[in-house]
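**Student:** First the structure, which I've put down as structure tokens, then a few questions once you've had a look.
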Amino acid sequence: MKRLGRVFTAAVLAFLLVFPVLCLAPPAPDTPCPGGKAVPVLKAASAATGNAGAGKSSSSGSKSSGSNQSGKNTQGSGGGGGGGDGLLAKISQLIDTIKAFVDTVGKILRGEIFDIFVEWWGKQLQKTLDPLIGAFGAVFLYTPYLHSHPWVHSWWSWTFWISFGLLFAATVWAGIKVFTASADPGKDMWKPLKVVGVALVSALVSLWAVDFLILLVNKMGAAILTDAVKQVASLGGKQIALNGQDDGALAMGLLFSSDAALKNPPALYQMLVPQGLFLLTIIMIEILVLALFAMARFFVLCVLAVAAPLYFVGASLTSRMETLVGWWALVARTVFFQLVYAVAWNFCVSVRFAEEGKAASSGPLASPSAAFFGAKATFIEMVILLALIYVTWKFWARPTWTALKEPATLGGARVILSAAALASDASRVLGLVSKTMHDPGIGAAGIKLGEYAGRLRRRGEDLLRQSGAGEKTRNRRFEPGFFGKVIDRVAPVPERIRSVEVARVEGKPFEENGVTWSAVRIPEGETQNALKALKGAGIPDAAVRVDLNATDVILVAHGYASRAVQVLKAAFKKRIPYWTDGNYFVVLQDGIPVHVPAPPDNGINMGRWRQ
């Protein structure tokens with residue numbers, strides 16, 4: 001304290017000595033005094049004129065001197081208010097500077113120099129974030145209507161007229177096809193013109209269709225945020241309007257302090273500096289990334305809306321359904337992702353207000369620290385924002401990038417395959433429910449849904465093959481092209497085939513040359529692969545023998561038989577089983593056997609198909 005007193009005394013002495021010199025020193029020539037008006041300087045007359053009337057000049061000079069002196073007194077009295085205000089302002093500014101200086105020196109003396117660095121670092125992060133913070137008020141909790149943006153409407157008009165030109169050419173071609181089809185009995189002669197009509201109507205309403213979808217999502221988002229918006233309004237300061245013109249600093253600041261709603265709120269970094277360097281840095285970077293994601297989401301939506309006429313007309317004229325599916329899927333994903341942000345923001349604000357005691361929360365949020373194992377609201381919000389970034393990347397950014405890499409179809413075929421996978425999973429659930437409840441009606445519905453999933457998958461495979469995409473396998477979900485074209489369904493089976501045993505012990509053990517052997521059935525032609533797998537698993541060569549009379553059986557010492565079956569099942573786990581049936585091959589599609597013209601790649605031959 002003695003050192004602090006000495007520092008303060010020295011600062012006051014410096015103030016008393018320096019300030020009068022700076023503020024009360026006479027001004028330079030032609031330089032107005034602080035707070036006063038500029039006084040013009042009377043220039044001396046020429047030498048000739050002065051010589052001609054020296055006495056007169058002397059008397060007039062004394063008069064002018066008196067008048068000048070009185071003028072100075074008058075200006076001094078008249079401009080005294082402005083000069084006093086300037087002086088007080090300088091004194092106030094100097095006092096604030098001294099206070100800040102003394103505070104900084106005090107922190108240094110108390111060993112808090114790291115706190116000074118944290119505050120400086122927070123200011124730098126704030127400067128980086130300031131150009132982007134407005135995104136949280138414009139496109140984070142609310143999606144603006146596209147027709148309200150002049151550039152979107154203007155560019156949409158250009159693409160519409162371009163697509164209209166394509167439609168005009170297509171109409172002429174369709175007219176020719178009408179007359180051509182009229183000679184063909186059984187053909188719909190008006191189909192080409194119907195396609196053109198659908199394309200024209202779709203292109204016309206595309207922008208407003210997206211805006212209608214935005215309207216629905218904004219209504220749902222407002223319903224989710226109702227309680228949080230009311231809590232903010234109850235603070236009596238700034239409010240959240242959810243109209244695309246909110247203060248971004250307010251929207252994000254409310255996550256970390258209710259003081260963000262004040263008329264003169266603290267900066268975002270000031271709310272986070274007390275939490276330390278780690279949380280400050282992580283949270284500010286998270287906010288920066290989320291701002292970029294929010295702006296990218298709206299930009300992608302604008303680009304999709306602008307290109308909508310071209311996609312609709314192109315899809316109709318080329319009869320490529322996957323283009324429309326891809327466009328609508330990407331638009332819906334982009335628009336509805338706003339609800340994910342709304343839920344996360346609402347949760348974080350509720351946790352913050354509950355911790356500060358400014359919300360009458362019930363349930364777990366009545367005591368956030370107790371509900372989250374003693375963690376404070378700031379740490380919880382850091383985790384929520386990190387999870388939000390991951391969800392945005394995995395379920396919006398990455399799928400969007402994948403779709404945009406296929407600009408002609410926007411990944412529509414993959415969307416169809418995903419829908420087929422969902423239908424297949426639902427079919428399996430219905431089958432399980434049917435077995436549990438012993439209701440054959442539910443089982444029949446599950447089989448029908450499985451058949452529909454198969455047709456949908458085949459459609460997706462055909463579309464993806466047409467687009468030139470390669471065949472991929474991921475997590476045993478086989479994507480397009482692994483089956484080839486399905487010819488028909490094999491004769492109805494009593495129920496869906498759930499699993500296939502690629503290896504099993506068959507028959508009874510037998511003894512030969514003092515050794516007990518068990519026959520293990522394997523897929524045809526896989527003897528060498530089976531021997532290699534068993535050897536890699538540590539089963540001795542002497543315990544395995546090839547049966548020369550069969551290509552789908554190996555002999556294993558009885559003590560190793562069970563282990564051998566497990567090893568072989570694991571070795572063939574990623575292979576696709578198929579059977580031969582006359583001139584065709586049989587594979588399982590969602591548990592239903594179907595005929596295909598060729599065996600699947602990476603398949604294993606299970607022998608002849610037996611009903």
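**Student:** Can you pull out the residues in segment 313-343 that are of a type in the set (Gly, Ala, Ser) and either open to solvent by 40 Å² or more (accessible area, probe 1.4 Å) or within 13 Å of the chain's Cα centre (by Cα) (or both)? First the steps, then the outcome.
**Tutor:** Within segment 313-343, the first condition is being of a type in the set (Gly, Ala, Ser), and the residues that meet it are 314-316, 319, 326, 329, 332, 342.
Listed by number, the residues that qualify are 319, 342.
**Student:** Pairs needed: first member in segment 398-425, without any contact (Cβ under 8 Å) to a residue 60 or more places away in the chain; second member anywhere, open to solvent by 70 Å² or more (accessible area, probe 1.4 Å) and charged (D, E, K, R); C-beta distance under 9 Å; at least 6 residues apart or different chains.
**Tutor:** Every condition considered, the pairs that remain are 420/455; 420/459; 421/477.
**Student:** Let me ask something else about it. What are the pairs with Cβ atoms under 9 angstrom where one residue, in segment 541-558, is under 14 Å from residue 518 (Cβ atoms) and the other, located anywhere, is assigned to a loop (DSSP other than H, G, I, E, B) and of a type outside the set (Gly, Ala, Ser)? Sequence gap at least six, or different chains.
**Tutor:** Close Cβ pairs (under 9 Å, with a partner that is assigned to a loop (DSSP other than H, G, I, E, B) and of a type outside the set (Gly, Ala, Ser)) amount to 553/522; 553/547; 554/522; 554/547; 555/547; 556/539; 557/539; 557/540.
**Student:** Would you kindly identify the helices (runs of 4 or more DSSP H) lying entirely within segment 249-322 that contain at least 1 residues that are in contact with a Gly (Cβ under 9 Å, 6 or more places away or on another chain) and closer than 23 Å to residue 225 by Cβ?
**Tutor:** Passing ranges, in order: 268-272, 277-306.
The values are calculated or read from the model by the stated rules, or taken from the named source; none is laboratory data. Quantities reported herein were computed from a predicted structural model and do not represent experimental measurements. Heads up, the Cβs are rebuilt from the backbone with ideal geometry, glycines too, and the neighbour counts pull from every protein chain shown. For accessibility, only protein heavy atoms count, side chains too; no ligands or nucleic acids. Shrake-Rupley method; radii C 1.70, N 1.55, O 1.52, S 1.80 Å.
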